[in-house]
Amino acid sequence: MAHDTSLLRSALAALLVREPDFEVSDTGWHGLSENGRLRGPQVCVVDADCPGWRRHTDEAAALSSGAARSAAEDSALIVLTNGGKPGNLRRAYTADALGFVNKDRSADRLPAAVRQVAQGKRFVDESLAVEFLQAADMPLTPRELSVLSLSAEGASVAEIARSLHLCNGTVRNYLAAITRKTGARNRVDAIRISRFAGWL
């Protein structure tokens with residue numbers, strides 16, 4: 001169980017450790033890569049709204065412009081998300097997640113998902129079906145999401161360019177494309193729209 005917030009991480013781990021056939025460990029996101037490879041977890045559970053998870057998937061997308069692997073690369077991945085955020089599902093699917101659990105459903109869904117994913121089977125909470133269809137319509141590319149994510153953190157055009165090894169003009173072009181694709185009035189509006197959809 002990986003989460004940046006200690007209280008939430010502990011609560012989720014406590015839920016899972018009640019299962020007699022589970023061995024559970026939990027860590028902050030910064031420790032997942034090292035701990036994951038050391039302990040070799042069969043299943044890794046992350047929260048789609050966790051800043052560490054978002055940073056990891058953004059960095060992976062920026063580096064490869066392809067699939068963003070989980071930090072514990074040999075683990076099957078389960079992502080927890082709320083309904084109404086198709087961007088979270090798109091990000092998780094791109095990261096090769098096998099399990100998609102709605103945080104607004106009953107707690108017994110998570111142990112059920114862990115058991116199914118541990119067998120190499122996909123688990124999709126049926127309440128997320130509509131969001132899955134909407135996730136296919138996300139208009140932004142991984143690179144555009146990386147640019148917008150940095151912009152949302154308050155980075156200037158020059159800072160975004162340095163971080164992503166781009167020239168300033170290219171960053172401005174990306175920001176213009178993002179504004180157009182999201183139907184926003186400006187960059188701030190694009191950030192608001194993208195956060196509401198769960199893309200950021």
FRET efficiency estimate (nearest 0.05) - Cβ-Cβ, V17 to R195, R0 22 angstrom: 0.10
Segment A107-N173, extension gain: residue separation times 0.36 nm, minus the distance between their alpha carbons: 19.3 nm
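Kindly state, to the nearest 0.05, the FRET efficiency for L7 paired with H165, given R0 = 35 Å and r defined as their beta-carbon distance.
Numbers: r = 37 Å, r/R0 = 1.07.
It comes to 0.40.
Mind checking region 86-195 for GluC sites (Glu not before Pro) that DSSP puts in a loop (not H, G, I, E or B) and that have at most 16 other Cβ atoms within 10 Å?
On the way: sites: E126, E131, E144, E153, E159; in loops: E153.
Taking region 86-195 and a limit of 16 other Cβ atoms within 10 Å, the loop GluC sites (Glu not before Pro) found are E153.
Which value, in debye to the nearest 20, describes the size of the charge dipole of region 109-179 about its Cα centre when Lys and Arg Cβ atoms bear +1, Asp and Glu Cβ atoms bear -1, and nothing else is charged?
Values: 7 positive and 7 negative charges, 58 e Å.
So the dipole magnitude of region 109-179 works out to roughly 280 debye.
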Under-5 Å amide H pairs with L77, H placed in peptide plane, nonlocal only: C44, L98, G99
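A short reminder: the numbers here are calculations on the coordinates, not readings from a lab. Everything quoted here is computed from the prediction, not taken from an experiment. Cβ atoms come from the backbone with ideal geometry, glycine included; neighbour counts cover every protein chain shown.
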